[in-house]
Amino acid sequence: MTQGADDCPSGPPATYNVTSLANSGPGTLRDAVSGSCRHIVFSVGGTITLTSTLLIQRSYLTIDGETAPPPGITVFSPNIRFSVEPGSSSGPVSDIIIRHLRLRGEPSGADDLMELDGSINPIRRVILDHNTLVGAGDGNYDIYGTVSDVTISWNLTMDSEQGHHFSLETPPDRERVSIHHNVYARLNERQPRMRYDNRQIDIVNNVVYGWGWFGGGGRGLSLPTDPGYQPTINFEDNYYHFVPGLPGGDADDAIEFNASTHPGDVYFDGNILPTAENDDVSTSPRNPIPAYAEVTHYAANTLGNTVVPCVGMKYPTAQETVLLQQISQAIGGSGGACTTGAPTLQVGDVTVMEGDVGATVASVAVSVAPLATVPIVVNWATANGTATSPADYVAGSGVLTIPAAGSGIIPVTINGDNTLEPPETFAVNLSSPVGATIADGQGLVTIANDEPLLEAAHGSALRLHLAAAGAAPTTEYLNLLQQPRSSYEVILDEASGDLVPGLRLDRVGPDTVTVLQSSVPVSGLGASRSLRWQNTSGSAVSNQFLRVGSGACGSACGADDRYRLRVYDTTYTIPRFNQAGQNTVVVIQNSSSDVVPGTIWFWSPNGTLLASSTFNLQPRQTATVIGNTVPGLANQGGTITVTHGGRYGSLSGKAVAVEPSTGYAFDTPMEPRTK
């Protein structure tokens, strides 16, 4: 993957403005590509007629034909090459992007229209995107020698003898080439043709409109057998449309490939081919390619609408437009304009440790899919959540520019402190994009506290004060890990006089603002307060907090404002029940003066939940649950747990297993978790 000029290692690239359509001289395309690290734009539109070979032998170049006014830029090269072709003195060439040009050749000639020729020095990281190639006498994008990391995408290649050829036996080094979302129309052969050792080649979502337009030997995909080489090629979701009545090429010439003799690993999947074609026989599973090179796959039967209308340079001619409409309709499309493929933006979430002092930077990532062929501009701004500016972070807004084929980062400064507090969040919002649409425009930044929260566990009795959280606090948070299908009681008592009235105890959600449950006074215990609840879910809960505060002492809360917090796991266990040959009756008594809701959970010996039954016991009431009335317990046995919303120790009970054949009864007591 490359960003062309924007990857310049020496710093931001220079902008070269092409102001002349001449073959050479100041302000021309030839002069523009004579230096490295250049973003080449156009203030003129029209045809550049080459009178001599134009070679790109410099690196970090972006040729951005989309910047030209109508009718765009056409490079006419009659029997003259326009090529990326390092020479012996230039060294390797890398990081080239060429987009939105029309390259026009001379069909009667014998030269390639465009080449990537790494036969003398290597070529690396090239993107050829949204170009239109017309009338090549030989090949269009032909690739020779040592060439790697190339993308050929969203191009229209038409009215030429050949498509492209991967060749040159020595050195055999062409790898990581992606050919995707292109249209080949009215060509004779080589759509494409690959010889020798081409590795990690990905051919996806291309449309070929016939073969054999100019005479015999017509072919679509051509993979000749070259013994001694091991190419790896994926060929997926392409559409090869047979046009009958052409001078050369039959329906079974869509693919030239012999699976029994070809030495490489070739994978075919999801392609639409003429019914007479039967050479699409995979010789391997799908060949792995780098994750960054994976592209959007449209189903082959949708390419008439998703790909065909969207290929080629920015300013198609009337002839090109009519041809694309014809192709779209021939393969099941509507013949309409391009409505897909526009890049979308998605801003990610990020978690950053707060730090004790100073500033930390949160890097909020903005991704683009599919990758854009031009830069994208989008506005961004922060918004308060449970984290607020300026106390927790530095509010900001601005404009993010995302380079072509790239992604972006929004930096936001986080302010550190040594206050004991739960995680806090704020948002980064995107708006008003240019060159893309917004798929997910809000990223959540979580500021994780690096002063560990106090943790409460079963049987703990924590004696705390509100000054423990830092200077002049009014609230303190504790974390309680809740096990699946368990119940809990938390009691706040022994509060100093300064804390009442106004003493509060709440169970709050992950945002530390949403109150899930407020405490109630404990009868007969002065200012004491209690929380009781069940976690009836099958998952542990670790993102809820106990919040203690007081409005009485306000900002003057200090070390003398003390309280005690006691925590109990109130879940009961019954070690045995048996519904296999016996009938179990569960008896539960509420000895308290409170209404107690609860749930009886039946478990298999290996810990699988079999069934459950709820109850709601009035004060000093007894509930009886008969096992054979509970769905799912027939012929089962195991253990029982009981969760409830009462005080620790407020219930008692047992399971009685009765054996009908003998009348024997087996009592198993219900036991609380020990303190």
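The values are calculated or read from the model by the stated rules, or taken from the named source; none is laboratory data. Quick caveat, the model's predicted, so the values are computed rather than measured. Backbone-built Cβ (ideal geometry, glycine too); neighbour counts: all protein chains shown. In case anyone asks, the SASA skips ligands and DNA or RNA and just uses the protein heavy atoms, side chains included. Shrake-Rupley method; radii C 1.70, N 1.55, O 1.52, S 1.80 Å.
Just name the residue that is nearest to Phe577 (Cα to Cα) out of those in the stretch 609-625 that are of a type in the set (Val, Ile, Thr) and open to solvent by 70 Å² or more (accessible area, probe 1.4 Å).
Once the filter is applied, the top-ranked residue is Thr624.
Would you point out the residue of the stretch 593-608, among those that are of a type in the set (Gly, Ala, Ser) and either in contact with a Leu (Cβ under 6 Å, 6 or more places away or on another chain) or exposed (fewer than 13 other Cβ atoms within 10 Å of the Cβ) (or both), that is farthest from Gln534 (Cα to Cα)?
Ser604
Specify the residue that is modelled with the lowest pLDDT; the eligible residues are those in the stretch 328-349 that are closer than 30 Å to Val377 by Cα and open to solvent by 50 Å² or more (accessible area, probe 1.4 Å).
Ranking the candidates gives Ala342 first.
Select from the stretch 388-404 the residues that are buried (at least 16 other Cβ atoms within 10 Å of the Cβ) and more than 23 Å from Pro423 (Cα to Cα) and list them in ascending order.
Once the filter is applied, which keeps residues that are buried (at least 16 other Cβ atoms within 10 Å of the Cβ) and more than 23 Å from Pro423 (Cα to Cα), the stretch 388-404 yields Leu400, Ile402, Pro403, Ala404.
If I go through the stretch 599-649 residue by residue, how many of them are of a type outside the set (Gly, Ala, Ser) and free of Cβ contacts under 8 Å to residues at least 12 places away in the same chain?
3
What residue, of Ile96, Ile80, is crowded, with 24+ Cβ neighbours inside 10 Å and β-branched (Val, Ile, Thr)?
The unique qualifying residue is Ile96.
Can you work out which of the residues in the stretch 2-17 that are assigned to a loop (DSSP other than H, G, I, E, B) and open to solvent by less than 30 Å² (accessible area, probe 1.4 Å) is farthest from Ser153 (Cα to Cα)? Don't jump to the end; show me each part of the working.
Looking only at the stretch 2-17, we keep the residues that are assigned to a loop (DSSP other than H, G, I, E, B), and these are 2-3, 8-13.
Now narrow it down to the ones that are open to solvent by less than 30 Å² (accessible area, probe 1.4 Å): 2, 8, 11.
Numbers: Thr2: 14, Cys8: 23, Gly11: 28 Å.
Only one residue tops the list, namely Gly11.
Would you say Thr571 is within 47 Å of the chain's Cα centre (by Cα), modelled with pLDDT of 95 or more and either of a type in the set (Gly, Ala, Ser) or open to solvent by 20 Å² or more (accessible area, probe 1.4 Å) (or both)?
Numbers: within 47 Å of the chain's Cα centre (by Cα): yes; modelled with pLDDT of 95 or more: yes; either of a type in the set (Gly, Ala, Ser) or open to solvent by 20 Å² or more (accessible area, probe 1.4 Å) (or both): no.
Judged against the criteria, Thr571 is not a match.
Consider the stretch 412-437. How many of its residues are surrounded by 15 or more Cβ atoms within 10 Å (Cβ to Cβ), modelled with pLDDT under 85 and more than 28 Å from Arg547 (Cα to Cα)?
3
Restricting to the stretch 285-323, count the residues that are over 30 Å from Gly264 (Cα atoms), assigned to a loop (DSSP other than H, G, I, E, B) and in contact with a helix residue (DSSP H, G or I) (Cβ under 8 Å, 6 or more places away or on another chain).
Residues flagged as over 30 Å from Gly264 (Cα atoms), assigned to a loop (DSSP other than H, G, I, E, B) and in contact with a helix residue (DSSP H, G or I) (Cβ under 8 Å, 6 or more places away or on another chain) within the stretch 285-323 amount to 5.
Looking at (1) surrounded by fewer than 21 Cβ atoms within 10 Å (Cβ to Cβ); (2) at pLDDT below 95; (3) touching a Gly at 6+ places or on another chain (Cβ under 7 Å), which one does Gln325 not meet, given that it meets all the others?
(2)
Can you list residue pairs whose Cβ atoms sit under 9 Å apart, with the first residue in the stretch 18-39 being free of Cβ contacts under 8 Å to residues at least 24 places away in the same chain and open to solvent by less than 30 Å² (accessible area, probe 1.4 Å) and the second being in a loop (DSSP other than H, G, I, E, B) and β-branched (Val, Ile, Thr)? Count only pairs 6 or more apart in sequence or on different chains.
Qualifying pairs under 9 Å: Gly27/Thr19; Gly27/Val44; Thr28/Thr19.
Only residues that are in contact (Cβ under 8 Å) with a residue 12 or more places away in the chain and surrounded by fewer than 20 Cβ atoms within 10 Å (Cβ to Cβ): list them for the stretch 487-502, please.
To start, the set of residues in the stretch 487-502 that are in contact (Cβ under 8 Å) with a residue 12 or more places away in the chain comprises 487-496, 498-502.
Answer for the stretch 487-502, where residues must be in contact (Cβ under 8 Å) with a residue 12 or more places away in the chain and surrounded by fewer than 20 Cβ atoms within 10 Å (Cβ to Cβ): Asp493, Glu494, Ser496, Asp498, Val500, Pro501, Gly502.
Residue by residue through the stretch 488-530, note down the ones that are part of a loop (DSSP other than H, G, I, E, B) and either touching a His at 6+ places or on another chain (Cβ under 7 Å) or under 22 Å from Pro423 (Cα atoms) (or both). Steps first, please.
Taking the stretch 488-530 as the starting set, the residues that turn out to be part of a loop (DSSP other than H, G, I, E, B) are 494-496, 500-502, 509-514, 519, 522-528.
Of everything in the stretch 488-530, those that are part of a loop (DSSP other than H, G, I, E, B) and either touching a His at 6+ places or on another chain (Cβ under 7 Å) or under 22 Å from Pro423 (Cα atoms) (or both) turn out to be Gly509, Pro510, Asp511, Thr512, Val513, Thr514.
Could you please find all residues in the stretch 179-215 being surrounded by fewer than 24 Cβ atoms within 10 Å (Cβ to Cβ) and of a type in the set (Ser, Thr, Tyr)?
Tyr196 - this is the single residue of the stretch 179-215 that is surrounded by fewer than 24 Cβ atoms within 10 Å (Cβ to Cβ) and of a type in the set (Ser, Thr, Tyr).
Name the single residue, out of those in the stretch 161-177 being open to solvent by 10 Å² or more (accessible area, probe 1.4 Å) and within 33 Å of the chain's Cα centre (by Cα), that is modelled with the lowest pLDDT.
First, the residues of the stretch 161-177 that are open to solvent by 10 Å² or more (accessible area, probe 1.4 Å): 161-162, 165, 167-173, 175-176.
Okay, now just the ones that are also within 33 Å of the chain's Cα centre (by Cα), so 173, 175-176.
Values: Asp173: 72, Glu175: 90, Arg176: 92.
Here the residue is Asp173.
Of all residues in the stretch 561-583 being of a type in the set (Val, Ile, Thr) and either part of a strand (DSSP E or B) or without any contact (Cβ under 8 Å) to a residue 40 or more places away in the chain (or both), which is nearest to Gly663 (Cα to Cα)?
Restricting to residues being of a type in the set (Val, Ile, Thr) and either part of a strand (DSSP E or B) or without any contact (Cβ under 8 Å) to a residue 40 or more places away in the chain (or both), the top hit is Ile574.
Look at the stretch 67-77 and say how many of its residues are surrounded by fewer than 22 Cβ atoms within 10 Å (Cβ to Cβ) and part of a loop (DSSP other than H, G, I, E, B).
Result for the stretch 67-77: 3.
Taking the stretch 62-103 only, how many residues are in contact with a Ser or Thr (Cβ under 6 Å, 6 or more places away or on another chain) and of a type outside the set (S, T, N, Q)?
Of the stretch 62-103, the ones in contact with a Ser or Thr (Cβ under 6 Å, 6 or more places away or on another chain) are 74, 76, 80-81, 93-95, 97, 99, 102.
If we keep only those that are of a type outside the set (S, T, N, Q) too, we end up with 76, 80-81, 93, 95, 97, 99, 102.
Number satisfying all stated conditions: 8.
Take Ala559 and decide whether it is in contact with a helix residue (DSSP H, G or I) (Cβ under 9 Å, 6 or more places away or on another chain) and open to solvent by 50 Å² or more (accessible area, probe 1.4 Å).
yes
So which of Val295, Val307, Val352 ends up being in contact (Cβ under 8 Å) with a residue 24 or more places away in the chain, open to solvent by less than 30 Å² (accessible area, probe 1.4 Å) and touching a His at 6+ places or on another chain (Cβ under 6 Å)?
Val307
Can you tell me how many residues in the stretch 626-668 are surrounded by fewer than 19 Cβ atoms within 10 Å (Cβ to Cβ), within 30 Å of Val522 (Cβ to Cβ) and of a type outside the set (D, E, K, R)?
Qualifying residue count, the stretch 626-668: 2.
Tell me which of these Gly538 doesn't satisfy, since it passes every other one: (1) of a type outside the set (A, V, I, L, M, F, W, C); (2) buried (at least 16 other Cβ atoms within 10 Å of the Cβ); (3) part of a loop (DSSP other than H, G, I, E, B).
Result: Gly538 fails condition (2) only.
List pairs: first residue in the stretch 236-261 and more than 14 Å from Leu273 (Cβ to Cβ) and in contact (Cβ under 8 Å) with a residue 24 or more places away in the chain, second residue open to solvent by less than 40 Å² (accessible area, probe 1.4 Å) and of a type in the set (A, V, I, L, M) anywhere in the structure, Cβ distance under 8 angstrom, at least six positions apart or on different chains.
Note: pairs meeting the criteria are Ala259/Val266.
Which pairs do you get when a residue that is in a strand (DSSP E or B), found in the stretch 584-595, comes within reach of a residue that is among the charged types (D, E, K, R), reach meaning Cβ atoms under 8 angstrom, with the pair 6+ apart or on two chains?
Within 8 Å, the pairs are Val586/Lys654; Val587/Lys654; Gln589/Arg620; Asn590/Arg620.
Go through the stretch 33-84 and give me each residue that's farther than 25 Å from Pro122 by Cα and touching an Asp or Glu at 6+ places or on another chain (Cβ under 6 Å).
Val41, Pro78
Criterion first (buried (at least 17 other Cβ atoms within 10 Å of the Cβ), in contact with a Gly (Cβ under 8 Å, 6 or more places away or on another chain) and either at pLDDT 90 or above or in a helix (DSSP H, G or I) (or both)) does Gly385 satisfy it?
No.
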